[in-house]
Every structure is written in C-alpha cells, then in structure tokens.
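To start, the structure under review is shown below, and the notes come after it.
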Amino acid sequence: MARTRRRAVVRGHGHPQIRATHAKTLEFTHDTDVTQRATCVVGVGTELDPAELGLLRGRVRFTVEANGHEATGEATINPEHAVRDGLVLRRSHHTDPGTLAFEATLTAEDLDRDLAAALTDPATTVTLSLAEVALPAPLILLRPTGQSLPDGRLGLLWRHADEAVDLAVVRESAAARATVERAGVVAVTLPGTLAEVSSAALGWLAAAAQAGARFAMPAAGPTETLYAAGLPPTPVLSLGRVDRRSVRRPEVEVALRSALAPTVLTVPADEVDAVLEHVVAATPGRRVAVPDGQPDVGTAMSWTTADRAGSAVRRVGSVEVTIVLAAAVAVDQPVDLDALVRALAGAGVSPRTLSEALAPFGLNRRRVYDALGPGRSSGGP
C-alpha cells in the first residue's frame, strides 16, 4: 500500500464574544464560553480525533471555514505538541505543548471580516481542516521488548503505525529500505536489552537510517542519536555537554582526539569549531554526524567532516545540538591500547572510567591497572 499524506479535521462552533483580532495566534478551545479578551479564539467547544491529529507531521496546509467563508494558510506541526482538546497555531517559533503548529502564515487577525462575523453565531459550525503538504520522512519508533507504550504523541504514533517489525526475527537488512519506502511510521520492537541486539537487527536499523528514516525512542538520548546516525548503540563514549571551556580539560581533549568508539556530545552551536579544534588539527576529515534540523518527531542525522561540522551545525538553527564524532581509528586497525590507557590516565581519566569505556575492546579493570604499571591497585576507585 502506497504511503499517503495524512489529514485531520477539527470542529467547533461560534460564540458571540469571538473577535478574531489577534495578530500572532489562532486558537480552537474546548471551553464553551469565552470573553472578548480571547482575541485569538475562532472556535469553541472543540471536537477532534486525537489519533487523526496526533499523526500529522511536517508542514501542513490548513483551512478555517464557517458558513461558506474560508481562509487558508500553512504551518509546521510542533513535534512536542501534547494532543488535547484545545489547540493553538502560532506565527512565531514558540513550541510549548499546547501549540499544535508554529510558523503559521494565517492567524486570527488575517481572517476575512465576513468570516470573522460568521464566527460570532453560536449556531455556526467552525471547521479547521489540516493536510500534510508533503510526505514526512519515514519514522522508526523503537521500544525494547516488554517496555510499556509511551504517553502522548509517541504513543499515538505507535498504536497507529503503518507497520510493525520485531527485530528478534529480522534477518535481512535489505528489507529495511523496502519497509521505510512503503510505511510512513514503523513500530520496531527491540529484542531485550541493547547489549542483546543482534548484528542482523543492527544491520536492519543502519539500512533504515541510510534510507532516510528518523528514529524516536520513549527516552531520547545517545542511543536514539546513534541509531539515527546508522551506528550500533555500543560501544560508545558519551561525554555529555562539551563547550569551549570544558574541552580545555586534558581528558576531554584526549578523548575527542583518540576515542576508539563513536563519541556522542552536546555542543553549543556557536562553539562547535572551538570544541573540535584539536580534532580538525589532527584529522580534518574525521567524520561527524549532525542533526538534520528538521522540526519533526524523532532524530535524523547526516554525516559531514570535522572541518565542516561548524557550518553544518549552524545551519540547523538550534542553540545546542547533539553530534556524533566517529571513532578515531577503525577498530580493526592495530592500536597500542596499553599506551592509550596510559595517555588517558595521564590526562586525568580515572581507571574505573577507562575500564568502562574500553570494555568493548577487551580491556577489563585488571588489564587497565596492568597497563598503568606498579603502584596502581585493581582494588582502587
């Protein structure tokens, strides 16, 4: 079955106090009574289908109609919208949970005065029709086996997904491309813990990312980012927030330059160049995944190089972004792990942190202390 653009219809009715004079917003409210102060309200007693409304994504064209009069505009669905009876469309970029859509080209003040006059009749049905302008990117919803469904929009998307995939039985990654091409939203069940995800399942997810899919999990974080970048969730080094000040710490600088696993970090958009300065100096072509910047549910990443990451991040338009720095060397390259342990320890990284970060490469705590030499007890912190 071919993917189709989704639509939704919201209905309310008029009220004698409706003025429709607000220049920045347009609102449908579940309340049945309003005062003249509610200048953005164009319909009261709202009725809607939560699933129908909650599945909308991306840019939409919307029409307000009453008593044969109508007005049309466009807006971008807010991925953080908490689907409920009342809703607001805003001209600004404000995206609180009560905002259905932002960047609206039509607000209450823009309505034709004949249409505005029709809104004052309680017997008049007021309709808001919305339709996606284009097909949104395929969306992969991830949930470990046994985990309860998330609340809100993600839960609605899961319950009404176009297709369900259990990665416990997935064998061919080539099937991922076909799946995301025919299904706009795919509910994917992960087999057990992240450590138990098979190579076949990881291959399926990587292929889905390469096919342009976005990824969303109930608790967004490094794992969602890694899947969106087409990478397995482990091994990974997560540095949290790194700015131009914290990157001066030797252990952070060394980790960025020498990490043997993909490194996830959140960076102020205007400080990316400063944070990656030493990486660029050493290997300007080091691969970096940055968010695509689209206001949509979930995460999508695209790859660039360290010397171009700053300009790529600034195009996203966010104050802070989460990026992925590829491993410094391929894991099949010969690496003197003992020397790396000593260098990182000398930069201030604790043995416990080293053993946890390098465990995927066979370095347990005893091996770390052996590399550090006499005087460092494996029973220490």
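Using DSSP to call loops (not H, G, I, E or B), can you name the trypsin sites (Lys or Arg not before Pro) in the stretch 150-214 whose Cβ has at most 15 other Cβ atoms within 10 angstrom?
On the way: sites: Arg153, Arg159, Arg171, Arg177, Arg182, Arg214; in loops: Arg171.
Filter output for the stretch 150-214: Arg171.
Return the carbon/sulfur percentage of the accessible area of the stretch 1-147, one whole number, probe 1.4 Å, all protein chains in place. Let's see the in-between values first.
Numbers: 3130 of 6680 Å².
Here it works out to 47 percent.
Relative to the Cα centre, what is the charge dipole magnitude of the chain, using +1 at the beta carbon of each Lys and Arg, -1 at the beta carbon of each Asp and Glu, and rounding to the nearest 20 debye?
1100
Add -39500 (n - 2.57) for each DSSP H run of 4 or more in the chain, then divide by its residues: what number comes out at 222 nm, to the nearest 500 deg cm²/dmol?
Using -39500 (n - 2.57) per qualifying helix, the result is -7000 deg cm²/dmol.
What shape does the stretch 95-166 take by its C-alpha gyration tensor, where a ≥ b ≥ c are the square roots of the eigenvalues and a/c under 1.5 counts as rounded, a/b above b/c as prolate, and the rest as oblate? Let's see the in-between values first.
Details: a/c = 3.00, a/b = 2.57, b/c = 1.17.
Taking the square roots of the gyration eigenvalues as a ≥ b ≥ c, the stretch 95-166 is prolate.
Report Thr39's accessible area, 1.4 Å probe, all protein chains in place, as a number in Å² to the nearest 10.
40
Out of Val170, Val60, Val41, any idea which swings most in a Gaussian network model of the chain, alpha carbons joined below 10 Å?
Top of the fluctuation ranking is Val170.
So if we plug the beta-carbon distance of Thr72 and Asp31 into 1/(1 + (r/R0)^6) with R0 = 25 Å, what FRET efficiency do we get, rounded to 0.05? Each step should come with its number before you reach the end.
Values: r = 25 Å, r/R0 = 1.02.
FRET efficiency, Thr72 to Asp31: 0.45.
Could you compute Rg(Cα) / (2.2 N^0.38 Å) for the stretch 151-207, with N its residue count?
Working: Rg = 11.7 Å, N = 57, 2.2 N^0.38 = 10.2 Å.
In units of the 2.2 N^0.38 Å rule of thumb, it is 1.15.
By DSSP, what percent of the beta bridges with both residues in the chain are antiparallel, rounded to the nearest 5?
Values: 44 of 65 bridges.
Among the beta bridges of the chain, antiparallel pairing accounts for roughly 70 percent.
For Ser148 and Ala200, compute 0.36 nm times the residue count separating them, minus their Cα-Cα distance, and round to one decimal in nm. Could you put the intermediate results ahead of the total?
On the way: separation 52, 0.36 × 52 = 18.72 nm, distance 2.45 nm.
Answer, rounded to one decimal: 16.3 nm.
Given a 1.4 Å probe and heavy atoms of the protein chains only, how would you sort Ser355, Ser198, largest accessible area at the top?
Details: Ser355 10, Ser198 45 Å².
In descending accessible area the options line up as Ser198, Ser355.
Among bridges DSSP assigns within the stretch 44-115, what percent are antiparallel (round to 5)? Could you put the intermediate results ahead of the total?
Values: 10 of 12 bridges.
Beta bridges within the stretch 44-115, antiparallel portion: roughly 85 percent.
Given points 7 Å out from each Cα along the Cα-Cβ axis, report the Thr120 to Arg159 separation in nanometres with one decimal.
Calculated label separation equals 4.1 nm.
Return one quarter of the surface area of the convex hull spanned by the alpha-carbon atoms of the chain, equal to its mean projected area, in nm².
Working: hull surface 88.2 nm².
For the chain, the mean projected area of the Cα convex hull comes to 22.1 nm².
Report the Cα centroid-to-centroid distance between the stretch 188-252 and the stretch 6-53 in angstrom, as an integer.
41
Tell me, what is the FRET efficiency for Glu103 and Ala168 to the nearest 0.05, using R0 = 30 angstrom and their Cβ-Cβ distance as r?
Numbers: r = 41 Å, r/R0 = 1.36.
Calculated transfer efficiency: 0.15.
Could you give the length gained by full extension between Thr95 and Trp303, i.e. 0.36 nm per residue of separation minus their alpha carbon distance, to one decimal place?
On the way: separation 208, 0.36 × 208 = 74.88 nm, distance 2.73 nm.
Taking 0.36 nm per residue and subtracting the Cα distance, the gain is 72.1 nm.
Averaged per residue, what accessible area in Å² does the chain show with a 1.4 Å probe, protein chains only? Could you put the intermediate results ahead of the total?
Values: 17690 Å² over 381 residues.
Result: 46 Å² per residue.
Taking +1 at the Cβ of each Lys and Arg and -1 at the Cβ of each Asp and Glu, which of Leu156, Ser350, Leu56 sits farthest along the dipole of the chain towards its positive end, judged by Cα position relative to the Cα centre?
Ser350
State the answer as a single residue: which of Val44, Tyr369, Pro138 lies farthest towards the positive end of the charge dipole of the chain, with beta carbon charges of +1 for Lys and Arg and -1 for Asp and Glu, about the Cα centre.
Final value for the positive-end residue is Tyr369.
Give the residue from Leu119, Leu87, Ala255 lying farthest towards the positive end of the charge dipole for the chain; charges sit on Cβ (+1 for Lys and Arg, -1 for Asp and Glu) and the dipole is referred to the Cα centre.
So the residue furthest toward the plus end is Ala255.
Could you pull the accessible area for Arg244 with a 1.4 Å probe, rounded to 10 Å²?
110
Provide the percentage of antiparallel DSSP beta bridges, counting only those with both residues in the stretch 2-105; round to the nearest 5.
Numbers: 16 of 20 bridges.
The answer is about 80 percent antiparallel.
Treating only the Cβ atoms of Lys and Arg (+1) and Asp and Glu (-1) as charged, compute the dipole magnitude of the stretch 30-109 about its Cα centre; round to the nearest 20 debye.
Details: 7 positive and 13 negative charges, 63 e Å.
With Lys and Arg at +1 and Asp and Glu at -1, about 300 debye.
The values are calculated or read from the model by the stated rules, or taken from the named source; none is laboratory data. All of these numbers come straight from a predicted model, not from anything done at the bench. FYI the Cβ positions are ideal-geometry reconstructions off the backbone, even for glycines, and counts take in every protein chain you see. For accessibility, only protein heavy atoms count, side chains too; no ligands or nucleic acids. Shrake-Rupley method; radii C 1.70, N 1.55, O 1.52, S 1.80 Å.
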